[in-house]
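Enquirer: Quick one: structure below, then a few questions.
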Amino acid sequence: MGLKTRLQIAFACAAGISLGMAPALARPLSVEVTNASQPTLCAETDNVALNFASAEVMQFRIQAVHPAYVGMLAVDRTAADFTACDMSDDPVVPAEPKRVTLYETPDLWLTGYTFPSFWRPASVPFRVDGKVVEGLHMVQLWVRHAERAEEVMVVYPPDGYWRARPLPPAHLGGAGYGSSFLVGPVEQEERPLVKLKEIGFDPATRTFALSFAGGGGAHMALLALDREHIALEVTLDAPIAGAPFAALRSMYVTEFNADVARLAWKTARGAGWGEAPVMDYPGGTVSEMWTGRMVPSRHNTSAPDMVFGPFGGLN
(Lines give C-alpha, C1' and ligand atoms only; values in the text may rest on other atoms or scores of the structure.)
Protein backbone atom coordinates (compact mmCIF):
# COMPACT_ATOMS: atom_id res chain seq x y z
CA MET A 1 0.00 0.00 0.00
CA GLY A 2 1.47 3.38 -1.02
CA LEU A 3 1.76 6.46 1.15
CA LYS A 4 -1.02 8.32 -0.66
CA THR A 5 -3.47 5.44 -0.21
CA ARG A 6 -2.44 5.02 3.43
CA LEU A 7 -3.11 8.66 4.16
CA GLN A 8 -6.46 8.58 2.38
CA ILE A 9 -7.55 5.62 4.51
CA ALA A 10 -6.41 7.31 7.71
CA PHE A 11 -8.26 10.53 7.04
CA ALA A 12 -11.34 8.74 5.74
CA CYS A 13 -11.51 6.79 8.99
CA ALA A 14 -11.27 10.02 10.99
CA ALA A 15 -14.02 11.66 8.95
CA GLY A 16 -16.41 8.73 9.21
CA ILE A 17 -16.42 7.98 12.93
CA SER A 18 -19.92 7.72 14.39
CA LEU A 19 -19.33 6.85 18.05
CA GLY A 20 -20.49 10.05 19.74
CA MET A 21 -18.19 12.12 17.56
CA ALA A 22 -18.14 15.88 18.02
CA PRO A 23 -19.52 17.96 15.12
CA ALA A 24 -17.28 18.54 12.14
CA LEU A 25 -14.68 21.25 12.61
CA ALA A 26 -16.48 24.58 12.24
CA ARG A 27 -13.79 26.50 10.32
CA PRO A 28 -10.86 24.63 8.77
CA LEU A 29 -7.50 26.16 9.64
CA SER A 30 -3.88 25.81 8.67
CA VAL A 31 -1.21 25.79 11.38
CA GLU A 32 2.48 26.59 11.51
CA VAL A 33 4.82 23.63 12.01
CA THR A 34 8.39 24.22 13.17
CA ASN A 35 11.01 21.51 13.10
CA ALA A 36 13.33 21.68 16.12
CA SER A 37 14.83 18.22 15.56
CA GLN A 38 18.51 17.64 16.29
CA PRO A 39 20.79 14.73 15.23
CA THR A 40 21.67 12.07 17.79
CA LEU A 41 23.44 8.72 18.04
CA CYS A 42 21.21 7.50 20.92
CA ALA A 43 18.06 5.62 19.96
CA GLU A 44 16.44 6.38 23.34
CA THR A 45 16.67 10.17 22.97
CA ASP A 46 13.64 12.13 21.75
CA ASN A 47 15.60 14.20 19.24
CA VAL A 48 12.68 14.71 16.84
CA ALA A 49 10.58 17.75 17.80
CA LEU A 50 7.74 19.05 15.62
CA ASN A 51 5.75 21.94 17.09
CA PHE A 52 2.23 22.91 15.95
CA ALA A 53 1.21 26.53 16.56
CA SER A 54 -1.84 28.70 15.84
CA ALA A 55 -3.56 31.43 17.85
CA GLU A 56 -6.94 30.34 16.43
CA VAL A 57 -7.12 26.54 16.72
CA MET A 58 -9.85 25.25 19.03
CA GLN A 59 -10.16 21.65 17.87
CA PHE A 60 -7.96 19.10 16.13
CA ARG A 61 -7.52 15.39 15.64
CA ILE A 62 -4.64 13.05 16.36
CA GLN A 63 -4.40 9.50 15.04
CA ALA A 64 -2.03 6.61 15.51
CA VAL A 65 -2.13 4.35 12.44
CA HIS A 66 -0.26 1.10 11.84
CA PRO A 67 2.66 1.59 9.43
CA ALA A 68 2.15 0.66 5.78
CA TYR A 69 4.51 -2.32 6.12
CA VAL A 70 2.87 -3.85 9.21
CA GLY A 71 1.32 -6.70 7.22
CA MET A 72 4.79 -7.82 6.12
CA LEU A 73 6.22 -8.11 9.64
CA ALA A 74 7.00 -11.60 10.89
CA VAL A 75 9.21 -10.43 13.77
CA ASP A 76 8.73 -7.32 15.89
CA ARG A 77 11.45 -5.46 17.79
CA THR A 78 10.44 -3.33 20.79
CA ALA A 79 13.44 -3.66 23.14
CA ALA A 80 15.23 -0.50 24.24
CA ASP A 81 18.57 0.28 22.59
CA PHE A 82 20.95 2.29 24.79
CA THR A 83 23.91 2.01 22.41
CA ALA A 84 25.78 5.36 22.31
CA CYS A 85 23.56 6.75 25.08
CA ASP A 86 24.84 8.74 28.04
CA MET A 87 22.02 9.70 30.40
CA SER A 88 24.15 10.27 33.49
CA ASP A 89 23.24 13.96 33.59
CA ASP A 90 19.48 13.42 33.39
CA PRO A 91 17.54 14.78 36.39
CA VAL A 92 16.44 12.16 38.92
CA VAL A 93 13.63 12.71 41.43
CA PRO A 94 13.24 9.65 43.74
CA ALA A 95 9.82 8.28 44.64
CA GLU A 96 8.22 5.31 46.38
CA PRO A 97 7.16 2.75 43.74
CA LYS A 98 3.53 1.70 43.60
CA ARG A 99 0.86 0.34 41.27
CA VAL A 100 -2.83 1.22 41.64
CA THR A 101 -6.02 0.40 39.76
CA LEU A 102 -7.81 3.70 39.20
CA TYR A 103 -10.92 2.36 37.46
CA GLU A 104 -12.03 -1.04 36.29
CA THR A 105 -14.86 -2.64 34.35
CA PRO A 106 -14.73 -5.86 32.32
CA ASP A 107 -14.09 -3.86 29.14
CA LEU A 108 -12.08 -0.82 30.22
CA TRP A 109 -9.68 0.01 33.02
CA LEU A 110 -6.98 2.46 34.12
CA THR A 111 -3.78 1.48 35.89
CA GLY A 112 -1.41 3.98 37.52
CA TYR A 113 2.29 3.58 38.34
CA THR A 114 4.87 5.39 40.40
CA PHE A 115 8.45 4.58 39.40
CA PRO A 116 11.49 4.56 41.72
CA SER A 117 12.48 7.83 40.04
CA PHE A 118 11.45 10.24 37.30
CA TRP A 119 12.87 13.44 35.84
CA ARG A 120 10.11 15.57 37.40
CA PRO A 121 8.13 15.33 40.65
CA ALA A 122 4.87 13.35 40.49
CA SER A 123 2.68 16.27 41.55
CA VAL A 124 -0.25 16.06 39.11
CA PRO A 125 -3.41 14.43 40.55
CA PHE A 126 -5.46 12.05 38.41
CA ARG A 127 -9.26 12.07 38.86
CA VAL A 128 -11.67 9.33 37.76
CA ASP A 129 -15.05 8.07 38.99
CA GLY A 130 -14.98 10.26 42.11
CA LYS A 131 -11.48 9.10 43.07
CA VAL A 132 -8.38 11.31 43.09
CA VAL A 133 -4.94 9.70 43.13
CA GLU A 134 -1.71 11.67 43.47
CA GLY A 135 1.95 10.81 42.97
CA LEU A 136 1.65 8.94 39.65
CA HIS A 137 4.30 8.94 36.94
CA MET A 138 2.28 7.00 34.37
CA VAL A 139 -1.34 6.01 33.73
CA GLN A 140 -2.30 3.29 31.23
CA LEU A 141 -5.66 2.92 29.47
CA TRP A 142 -6.60 -0.71 28.80
CA VAL A 143 -9.49 -2.22 26.84
CA ARG A 144 -10.69 -5.75 26.28
CA HIS A 145 -10.72 -6.93 22.67
CA ALA A 146 -11.15 -10.47 21.34
CA GLU A 147 -10.97 -11.79 24.92
CA ARG A 148 -7.57 -10.13 25.48
CA ALA A 149 -6.41 -7.15 27.50
CA GLU A 150 -4.89 -4.46 25.25
CA GLU A 151 -3.08 -1.33 26.41
CA VAL A 152 -3.94 1.43 23.91
CA MET A 153 -2.90 4.72 25.54
CA VAL A 154 -0.52 5.98 28.18
CA VAL A 155 0.04 9.40 29.76
CA TYR A 156 2.85 10.69 31.94
CA PRO A 157 1.21 13.35 34.17
CA PRO A 158 4.43 15.05 35.39
CA ASP A 159 5.41 16.23 31.88
CA GLY A 160 2.25 15.81 29.78
CA TYR A 161 3.60 13.19 27.36
CA TRP A 162 1.08 10.84 25.67
CA ARG A 163 1.42 7.72 23.57
CA ALA A 164 -1.31 5.91 21.63
CA ARG A 165 -1.52 2.80 19.47
CA PRO A 166 -4.23 0.87 17.61
CA LEU A 167 -5.31 -2.62 18.52
CA PRO A 168 -2.56 -4.99 17.37
CA PRO A 169 -2.65 -6.67 13.97
CA ALA A 170 -4.08 -10.18 14.28
CA HIS A 171 -0.97 -11.82 12.82
CA LEU A 172 1.39 -10.19 15.34
CA GLY A 173 -0.63 -10.44 18.53
CA GLY A 174 1.00 -7.27 19.83
CA ALA A 175 2.33 -3.88 18.73
CA GLY A 176 4.75 -1.34 20.16
CA TYR A 177 4.59 2.29 21.12
CA GLY A 178 6.81 4.79 19.37
CA SER A 179 6.36 8.53 19.11
CA SER A 180 4.93 10.65 21.91
CA PHE A 181 2.75 13.74 21.60
CA LEU A 182 2.01 16.76 23.75
CA VAL A 183 -1.32 18.59 24.03
CA GLY A 184 -1.50 22.06 25.56
CA PRO A 185 0.88 25.00 25.91
CA VAL A 186 4.28 23.49 25.09
CA GLU A 187 7.13 24.87 27.21
CA GLN A 188 10.84 24.17 27.31
CA GLU A 189 12.34 23.06 30.63
CA GLU A 190 15.37 20.90 29.85
CA ARG A 191 13.07 19.29 27.29
CA PRO A 192 9.65 20.18 25.78
CA LEU A 193 6.74 19.52 28.15
CA VAL A 194 3.21 20.57 29.05
CA LYS A 195 2.70 21.51 32.69
CA LEU A 196 -0.58 20.11 34.00
CA LYS A 197 -2.60 20.99 37.07
CA GLU A 198 -4.82 17.89 36.94
CA ILE A 199 -5.98 15.11 34.62
CA GLY A 200 -9.48 13.66 34.73
CA PHE A 201 -11.10 10.80 32.85
CA ASP A 202 -14.80 10.18 32.13
CA PRO A 203 -15.28 6.45 31.41
CA ALA A 204 -18.76 6.98 29.97
CA THR A 205 -17.48 9.17 27.14
CA ARG A 206 -13.89 7.89 27.16
CA THR A 207 -12.70 11.48 27.44
CA PHE A 208 -9.65 12.89 29.23
CA ALA A 209 -10.00 16.34 30.79
CA LEU A 210 -6.75 18.30 31.00
CA SER A 211 -6.27 21.31 33.30
CA PHE A 212 -3.18 23.31 32.41
CA ALA A 213 -1.00 24.67 35.20
CA GLY A 214 -1.05 28.16 33.68
CA GLY A 215 -4.82 28.23 33.23
CA GLY A 216 -7.29 26.83 30.72
CA GLY A 217 -7.65 23.26 29.65
CA ALA A 218 -8.71 20.78 27.00
CA HIS A 219 -10.74 17.62 26.46
CA MET A 220 -9.37 14.68 24.50
CA ALA A 221 -11.98 12.13 23.42
CA LEU A 222 -11.28 8.60 22.20
CA LEU A 223 -13.37 8.54 19.03
CA ALA A 224 -12.41 5.26 17.39
CA LEU A 225 -10.26 2.23 18.07
CA ASP A 226 -9.72 -0.80 15.84
CA ARG A 227 -6.96 -2.90 14.29
CA GLU A 228 -6.15 -0.10 11.84
CA HIS A 229 -6.05 3.08 13.90
CA ILE A 230 -6.92 4.96 17.06
CA ALA A 231 -8.47 8.41 16.64
CA LEU A 232 -8.54 11.18 19.24
CA GLU A 233 -10.28 14.53 19.08
CA VAL A 234 -8.93 17.41 21.16
CA THR A 235 -11.09 20.41 22.04
CA LEU A 236 -9.36 23.37 23.69
CA ASP A 237 -11.17 25.64 26.15
CA ALA A 238 -9.55 28.59 24.37
CA PRO A 239 -6.94 29.08 21.65
CA ILE A 240 -3.32 28.92 22.77
CA ALA A 241 -1.29 31.96 21.76
CA GLY A 242 2.42 32.49 22.28
CA ALA A 243 3.27 28.77 22.44
CA PRO A 244 2.63 25.60 20.42
CA PHE A 245 -0.72 23.96 21.17
CA ALA A 246 0.66 20.48 20.37
CA ALA A 247 3.93 18.75 19.56
CA LEU A 248 5.32 15.46 18.32
CA ARG A 249 8.32 13.99 20.12
CA SER A 250 10.13 11.05 18.56
CA MET A 251 13.48 9.53 17.63
CA TYR A 252 15.60 9.38 14.49
CA VAL A 253 19.15 8.03 14.24
CA THR A 254 19.08 6.58 10.72
CA GLU A 255 16.38 5.51 8.26
CA PHE A 256 16.67 1.95 9.62
CA ASN A 257 16.82 3.04 13.28
CA ALA A 258 13.99 5.48 13.83
CA ASP A 259 10.48 5.86 15.22
CA VAL A 260 9.82 8.63 12.67
CA ALA A 261 11.83 8.91 9.45
CA ARG A 262 9.55 10.70 6.98
CA LEU A 263 6.89 13.38 6.88
CA ALA A 264 4.04 14.11 4.49
CA TRP A 265 1.87 17.20 4.66
CA LYS A 266 -1.09 18.81 2.99
CA THR A 267 -1.58 22.54 2.53
CA ALA A 268 -4.89 24.35 2.17
CA ARG A 269 -4.39 25.07 -1.54
CA GLY A 270 -1.87 22.42 -2.48
CA ALA A 271 -2.52 20.16 -5.45
CA GLY A 272 -0.89 17.19 -3.70
CA TRP A 273 1.02 16.03 -0.66
CA GLY A 274 4.52 17.29 0.13
CA GLU A 275 7.07 14.76 1.39
CA ALA A 276 10.49 15.00 3.06
CA PRO A 277 12.84 13.14 5.40
CA VAL A 278 12.11 14.29 8.93
CA MET A 279 15.53 15.82 9.50
CA ASP A 280 15.33 17.84 6.25
CA TYR A 281 11.85 19.33 6.71
CA PRO A 282 12.20 23.14 6.89
CA GLY A 283 8.83 23.74 8.55
CA GLY A 284 5.83 25.50 7.09
CA THR A 285 2.08 25.92 7.07
CA VAL A 286 0.01 22.72 6.92
CA SER A 287 -3.60 21.65 7.13
CA GLU A 288 -2.75 17.99 7.89
CA MET A 289 0.51 16.15 8.61
CA TRP A 290 1.57 12.49 8.61
CA THR A 291 4.71 11.36 10.45
CA GLY A 292 6.06 7.84 10.17
CA ARG A 293 8.18 5.32 8.30
CA MET A 294 8.05 3.69 4.89
CA VAL A 295 10.61 0.96 5.63
CA PRO A 296 10.86 -1.20 8.78
CA SER A 297 13.11 0.01 11.56
CA ARG A 298 15.20 -2.03 13.96
CA HIS A 299 13.74 0.14 16.75
CA ASN A 300 10.05 -0.20 17.73
CA THR A 301 9.38 -1.86 14.38
CA SER A 302 5.58 -2.07 14.76
CA ALA A 303 5.15 1.39 16.32
CA PRO A 304 2.39 3.42 14.63
CA ASP A 305 2.58 6.39 12.33
CA MET A 306 1.11 9.60 13.80
CA VAL A 307 -1.32 11.87 11.94
CA PHE A 308 -2.16 15.44 13.02
CA GLY A 309 -5.16 17.29 11.64
CA PRO A 310 -7.47 18.48 10.39
CA PHE A 311 -7.48 21.61 12.54
CA GLY A 312 -10.42 23.91 13.19
CA GLY A 313 -11.43 27.14 14.86
CA LEU A 314 -14.54 29.08 15.74
CA ASN A 315 -16.87 30.38 13.06
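Enquirer: Pick from 128, 132, 92: which is open to solvent by less than 50 Å² (accessible area, probe 1.4 Å) and out of contact with any His (no Cβ under 9 Å at 6 or more places or on another chain)?
Expert: After ruling out the rest, the residue left standing is 128.
Enquirer: Of the residues 238, 218, 231, which single one is of a type in the set (A, V, I, L, M, F, W, C), touching a residue at least 24 places away in the same chain (Cβ under 8 Å) and in contact with a Cys (Cβ under 8 Å, 6 or more places away or on another chain)?
Expert: Just one listed residue meets the conditions, 231.
Enquirer: Next up: Within segment 180-200, can you find the residues that are of a type outside the set (Val, Ile, Thr), within 20 Å of residue 309 (Cβ to Cβ) and in a strand (DSSP E or B)?
Expert: Residues satisfying the conditions are 180, 181, 182, 192.
Enquirer: For the condition surrounded by fewer than 21 Cβ atoms within 10 Å (Cβ to Cβ), in a strand (DSSP E or B) and of a type in the set (Gly, Ala, Ser), what is the one hit in 170, 204, 218, 209?
Expert: Exactly one residue qualifies, and that residue is 209.
Enquirer: Taking segment 246-257 as the search range and keeping residues that are open to solvent by 10 Å² or more (accessible area, probe 1.4 Å) and touching a Leu at 6+ places or on another chain (Cβ under 9 Å), which one is farthest from residue 146 (Cα to Cα)?
Expert: 253
Enquirer: If a residue must be of a type outside the set (Val, Ile, Thr), in contact with a Leu (Cβ under 8 Å, 6 or more places away or on another chain) and surrounded by 19 or more Cβ atoms within 10 Å (Cβ to Cβ), how many such residues does segment 143-157 contain?
Expert: 2
Enquirer: Further question: Here are some residues: 52, 11. Which one is aromatic (Phe, Trp, Tyr), modelled with pLDDT under 95 and crowded, with 16+ Cβ neighbours inside 10 Å?
Expert: Going through 52, 11 in turn, the sole match is 11.
Enquirer: Of the conditions (1) closer than 17 Å to residue 27 by Cβ; (2) surrounded by fewer than 17 Cβ atoms within 10 Å (Cβ to Cβ); (3) in contact with a strand residue (DSSP E or B) (Cβ under 9 Å, 6 or more places away or on another chain), residue 269 clears all except one; give me its number.
Expert: That leaves (3) as the condition not met.
Enquirer: Of these, 193, 182, 167, which one is in contact (Cβ under 8 Å) with a residue 60 or more places away in the chain, more than 27 Å from residue 57 (Cα to Cα) and aliphatic (A, V, I, L, M)?
Expert: Just a single option satisfies the conditions, and that option is 167.
Enquirer: Based on what the data block shows, is residue 246 farther than 22 Å from residue 172 by Cβ, of a type in the set (Gly, Ala, Ser) and touching a Pro at 6+ places or on another chain (Cβ under 8 Å)?
Expert: no
Enquirer: Continuing with this model, one more query. Restricting to strands (runs of 3 or more DSSP E) lying wholly in segment 29-99: which have 2 or more residues that are in contact with a Pro (Cβ under 7 Å, 6 or more places away or on another chain) and of a type outside the set (Gly, Ala, Ser)?
Expert: 48-53, 59-65
Enquirer: Could you please find all residues in segment 221-245 being closer than 18 Å to residue 56 by Cβ and either of a type in the set (Ser, Thr, Tyr) or surrounded by fewer than 19 Cβ atoms within 10 Å (Cβ to Cβ) (or both)?
Expert: Selection gives 235, 237, 238, 239, 241, 242, 243.
Enquirer: Consider residue 185 carefully, then state whether it is touching a Lys or Arg at 6+ places or on another chain (Cβ under 9 Å) and open to solvent by less than 20 Å² (accessible area, probe 1.4 Å).
Expert: no
The values are calculated or read from the model by the stated rules, or taken from the named source; none is laboratory data. These figures come from a predicted structure and were not determined experimentally. Heads up, the Cβs are rebuilt from the backbone with ideal geometry, glycines too, and the neighbour counts pull from every protein chain shown. SASA here: full protein model, heavy atoms, side chains in, ligands and nucleic acids out. Shrake-Rupley method; radii C 1.70, N 1.55, O 1.52, S 1.80 Å.
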